[in-house]
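The values are calculated or read from the model by the stated rules, or taken from the named source; none is laboratory data. All of these numbers come straight from a predicted model, not from anything done at the bench. Here the Cβ positions follow ideal geometry from the backbone for every residue, glycine too, while neighbour counts run over all protein chains shown. Each accessible area value is taken on the protein alone, full model and side chains, heavy atoms only, with ligands, DNA and RNA left out. Shrake-Rupley method; radii C 1.70, N 1.55, O 1.52, S 1.80 Å.
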Amino acid sequence: MSERFSEAREILIEPAAPSGPDGHFRLWMYRAISRMLANLRAIDDANALESFPFLAQYESALASIMPPALGPEDGDLWWQQQIAAYEQGERCQLPLRNLAEALSLDDEERLLLLAVGLIEEDVRFGSLFTALQPTSHIRRPSIGMLGWLLATPGALARDLWPASRTLIDHGLLSVANRDSPRAEWALQVPLPLWDALRGQPGSQAAVGVASHPASQFPDLADMVLPPALHQQVFRLPALLAQGQVGALALRGMRGSGRRTLAGSVARAIGRDLLVCESAAPDSAAWQLIGPLASIAGALPLLRCDPGPGVALDLPLLPGYRGPVALTLGAGGGICGLLVAQSLGLSLPMPDAAARRSFWVRTALPMPETTLDELSQRFLLNGGHIARAAPLARAYATLAGRTSVDLPDVQQAARTLNRQELETLATALEPIAGLDAVVAASSASDDLRALLARCRARELLCDTAGPAFASSLNRGVRAMFTGPSGTGKTLAARALAGALQMDLYRVDLAAVVNKYIGETERNLNMVLSRAEELDVLLLLDEGDALMAARTDVRSANDRYANLETNYLLQRLESYQGIVIITTNASSRIDQAFLRRLDATIEFAPPEASERAAIWRLHLPAQHALSAALLGEVAVRCALTGGQIRNAALHATLLAIGEGAPLGDAHLEAGLLREYRKAGAAYPLRGASAQAKQLGRLQQFAGDLG
């Protein structure tokens, strides 16, 4: 027999009931066992007591507690009086009392609940139940057996179906064999509920359900919120307590403080917070959170994540009558009986002053100047600041410093980004600023204008005219167009380096899914995570989703247009920096172009630009003739990507020869690129090309 059952049995027969939930639970157990023993003795003529000696042990222990010479009816009434007196004297949370008050359960329903759970305390009750119902092999009590086992002393067997149905509907009891006749239904109490009834739920009350004490959350007055929202929040507790609001729907990004606000509201109405990670009505967590909230006297919080264009239908929580809180993102909706009287609030992204307050609360050792710069540069919300702070402290410690500096916070933010985004996108290494990008003067000017817009995006929202009040956010949307190899991705990396932001690339062709709604869901996930973490997002090959909408001639056309419509709306509300690249700008829907803050065209480089690109890609110590280099720059009309490939191949050949990079190596690299492109090499005749190429291919073979 396990230690748990041994300890529980010793508790059950201990004469004195301690104070608090454990003592209250024990009194109810005493009453349930006392009534069962009385009925066993009256109906079975003590055969069961002789067959199961442990029952005699319970009978003797209970007799030592009760006054002498009490009959069965008086004994049950005496236990009822002890419980009532106990409840009047205890002001702490008593789970069984909470449950009765929340769901209007009478004494007989509570007694049934305790009797069903006896096997959880002492495994020997399972053997007793099996012996009393020989047609069943389930070691759980049936409704029919409990009808006479829990009958009022001196009365006939009771019809326990109404009480059983009430407890089953509330999720407090489950049925193990619904295919059997109803009288043979074997009942059991879900273990998370039984632990909660005993006053021992733990922080992880059940799978997908976590309990958070009210003391874990700040007072409403200490919440970092905009003033107007703060005033509304102060009025929430009264609305919930008076029943004017049945559901509180909190919208915002992850880390925006939705759970903290729900916890602070729960604290204001004298409740703990019970968080359900899955708001799917068919999930096990959904079935348990209502009864657990009633038992603990807690406020349930349901985390909802409906996809774009999806309305989540939420029925009433089983086993709970009271207000609920819900958290949602920016997209998707909720409907159903649970939210019939709902109140919605949106938690905005914090401004610089709010971010400074969040950094101050982390108590990181840093100078005021660093604190100010952190607040301006890292556009993180409160939840991500709280997560980044201990990581930043750890990076400072690794560097042998006690004070946290900007690079420490940047490394901490990069760690968070990798944890959240690397399964959705690919990290690209930023490069050191826009000077590394060689482009036409018009493209360079546009890039610098885009950089200024990105740096001032938050300030622009605050200072723009009143006409922009409803249409402007801190998001920046730009499109880089041009042939392959003209430097679009390089420019994005340079922009990320100038902004000191992480860069993640998403291939839209990989996001598109053939199943209806999955493309939108994938896009929403990527955009939401990038938005929360404030990284620079690169959507590669944007024409895969942004192609012009067509007339609907088939179901495929309809759903393709729906995807385009969703991306239009999502980009318009996006609050981060996103760059879209495309090789086919003519295919882009005009509605996208109107929503972009910048469109930069990258054309193939001119001769002077090609010369600059060659200088950037050739080794510092080379043996190229100035004449050849000038001729290559003028006559070889390559893109930046092709120049990069040719220079890299030429350098590899020079390494193979153990010599500085010379004219022959460069021409071999150029020949290779022209052959890949299927174009004629413009500098020499075919025979000279073949001779030169054969010699250098031999060098390459030697390397292999």
Problem set entry | Using alpha-carbon coordinates, inclination of helix 352-361 to the longest axis of the chain, degrees | 60 degrees
Exercise. Stretched out fully, how many nm does the piece from V634 to Q376 gain, at 0.36 nm a residue minus the Cα gap?
Worked result: 88.3 nm
Exercise. Which of rounded, prolate, oblate describes region 138-208, given a ≥ b ≥ c as roots of the alpha-carbon gyration tensor eigenvalues and a/c under 1.5 marking rounded, otherwise prolate only if a/b is larger than b/c?
Worked result: prolate
For this session: Quick one: order V512, V275 from most to least accessible surface, probe 1.4 Å.
Result: V512, V275
Problem set entry | Cleavage-rule hits (trypsin sites (Lys or Arg not before Pro)) in region 58-144: DSSP loop, at most 13 neighbouring Cβ within 10 angstrom | R91
Problem set entry | Within the chain, helix-based [θ] at 222 nm, where runs of 4 or more DSSP H residues each add -39,500 (n - 2.57), nearest 500 | -16500 deg cm²/dmol
For this session: Run the quick spin-label model on A84 and D507: label points 7 Å from Cα toward the beta carbon, then report their separation in nm to one decimal.
Result: 7.5 nm
Exercise. Nearest 0.05, what FRET efficiency do L77 and Q244 give at R0 = 45 Å with Cβ-Cβ as r?
Worked result: 0.60
Exercise. Given the C-alpha centroids of region 281-314 and region 103-138, what is the distance between them in whole angstrom?
Worked result: 29 Å
Exercise. By its C-alpha gyration tensor, with a ≥ b ≥ c as the square roots of the eigenvalues, how is region 265-370 shaped: rounded for a/c under 1.5, else prolate for a/b larger than b/c, else oblate?
Worked result: prolate
Exercise. Which semi-axes, in whole Å and largest first, does the equivalent ellipsoid of region 173-276 have when worked out from the alpha carbon gyration tensor as the square roots of 5 times its eigenvalues?
Worked result: 36, 15, 13
For this session: Can you pull the one-decimal nm distance between simple spin-label points at S441 and T423, each 7 Å off the Cα toward Cβ?
Result: 5.1 nm
Exercise. Which angle from 0 to 90°, rounded to the nearest 10, does the C-alpha axis of helix 488-499 make with the longest principal axis of the chain?
Worked result: 70 degrees
Problem set entry | Extension gain, L472 back to L345 (0.36 nm per residue minus Cα-Cα distance, nm) | 43.7 nm
For this session: Along Cα→Cβ, 7 Å out, is where each label goes; now give me the distance between the ones at D313 and L229 in nm to one decimal.
Result: 3.2 nm
Problem set entry | Candidates per trypsin sites (Lys or Arg not before Pro) in region 349-428, loop by DSSP, up to 15 other Cβ within 10 Å | R401
For this session: Tabulate in residue order the Karplus-calculated ³J(HN,Hα) for region 372-377, using 6.51 cos²θ - 1.76 cosθ + 1.60 with θ = phi - 60°, rounded to whole Hz; enter x for Gly and Pro.
Result: 5, 5, 4, 5, 7, 7
For this session: Evaluate E = 1/(1 + (r/R0)^6) for T463 and Q500, where r is the Cβ-Cβ distance and R0 equals 25 Å; express this FRET efficiency to the nearest 0.05.
Result: 0.60
Seminar exercise, completed: Of V123, V265, ordered by accessible area with the largest first and a 1.4 Å probe, the sequence is V123, V265
Exercise. Ignoring ligands, DNA and RNA, what percent of the accessible area of the chain is carbon or sulfur (1.4 Å)?
Worked result: 52 percent
Exercise. Cα axis of helix 607-617 to longest principal axis of the chain: angle in degrees, 0 to 90, nearest 10?
Worked result: 60 degrees
Exercise. Does region 31-179 come out rounded, prolate or oblate by the C-alpha gyration tensor, with a ≥ b ≥ c the root eigenvalues, rounded set by a/c under 1.5 and, if not, prolate when a/b is larger than b/c and oblate if not?
Worked result: oblate
For this session: Might you tell me the accessible area per residue for region 202-287, computed with a 1.4 Å probe and given in Å²?
Result: 44 Å²
Problem set entry | (i) 91, 68, 60; (ii) 78, 70, 41; (iii) 121, 65, 60, with the label sought being that of the calculated Cα extents along the principal axes in Å | (iii)
Seminar exercise, completed: Probe 1.4 Å, all chains present, heavy atoms only: S608 accessible area in Å², nearest 10, is 90 Å²
Seminar exercise, completed: At R0 = 51 Å the Cβ-Cβ FRET efficiency linking A183 and C92, nearest 0.05, sits at 0.85
Problem set entry | Fully extended contour minus Cα-Cα distance, from E368 to D106, at 0.36 nm per residue | 88.2 nm
